[in-house]
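Everything below concerns the one structure shown next.
The values are calculated or read from the model by the stated rules, or taken from the named source; none is laboratory data. Please read all numbers here as calculations on a predicted model, not as lab measurements. Glycine gets a Cβ as well: all are built from the backbone with ideal geometry, and neighbour counts include every protein chain shown. To get the accessible areas, we keep the full protein, side chains included, count just its heavy atoms, and leave off ligands, DNA and RNA. Shrake-Rupley method; radii C 1.70, N 1.55, O 1.52, S 1.80 Å.
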Amino acid sequence: HLKALHLATKMNDSVSMAIAINSIGNVNLMIGNNDKALQYFKRSLELAQNRNNPLGIAINMNNIGHAYEQKGFLTKALRYYEVSLSINKRIHSKKGIVICSNDIANVLGKQGKYIEALRYSKRAILLATEINDLDNLAYSYVSSGALYGEIDRKSVV
């Protein structure tokens, strides 16, 4: 990714630069360097904004949400996921809507808002089914099952 960034910078290719920077952010996120990931995602976001690329903006907003979620800032993460969801709805990116709905459901579940989380998770199931997105469909089913389990556990206590 660093080599790709170097080449893209050399060619002054802002699209490839944004993709490489985003990818470097994702690597940092995977290894737990959340602050560094945020720096890369924000740089990639700026490039997407400069090019007026709504999909790139939505992707980076979602990734920023992931970094904040990993840092434990759930409310902040939720705001970024909601902005990303709004952009994905505006540009009719069904896959983006599914991803953001799952991410929002995950944060709401962590906040103990199981019923609200379940609404997002069910929406993700319906849309993932419609577009035949099997990876996100499987994730949505597992998430929904866990939410039902939490709801059931809370009603027993």
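Projected onto its three principal axes, the C-alpha set of the stretch 70-157 covers 43, 29, 18 Å, listed from the longest axis down. Only lysines eight or more places from K94 in sequence, or on another chain, were considered; those with a Cα closer than 25 Å are K42, K76, K110, K113, K122.
Helix by helix, which DSSP H runs in the chain go 30 Å or more along their axis at the Cα atoms and have an average Kyte-Doolittle hydropathy of -0.5 or more? Let's see the in-between values first.
Details: long enough: 134-156 (33 Å, -0.10).
What comes out of the filter, once short or polar helices are dropped, is 134-156.
The charge dipole of the chain, taken about its Cα centre with unit charges on the Cβ atoms of Lys, Arg (+1), Asp and Glu (-1) only, comes to about 280 debye.
Tell me the net charge near D35. Cut-off is 15 Å between Cβ atoms, D35 excluded, with +1 for each Lys or Arg and -1 for each Asp or Glu. Within the 15 Å Cβ shell, the charges total +4.
Once the Cα gyration tensor of the chain is diagonalised, what are the square roots of 5 times its eigenvalues, in whole Å and ordered largest first, as equivalent ellipsoid semi-axes?
Details: eigenvalues 192, 57, 31 Å².
Sorted largest first and rounded, they come to 31, 17, 13 Å.
Just the protein heavy atoms count here, and of the accessible area of the chain at 1.4 Å, carbon and sulfur take up 57 percent.
In the stretch 16-157, with Lys and Arg counted as +1 and Asp and Glu as -1 at Cβ, which of these residues, H66, I91, G32, has the Cα nearest the positive end of the dipole, that is, farthest along it? Result: I91, furthest along the dipole toward the positive end.
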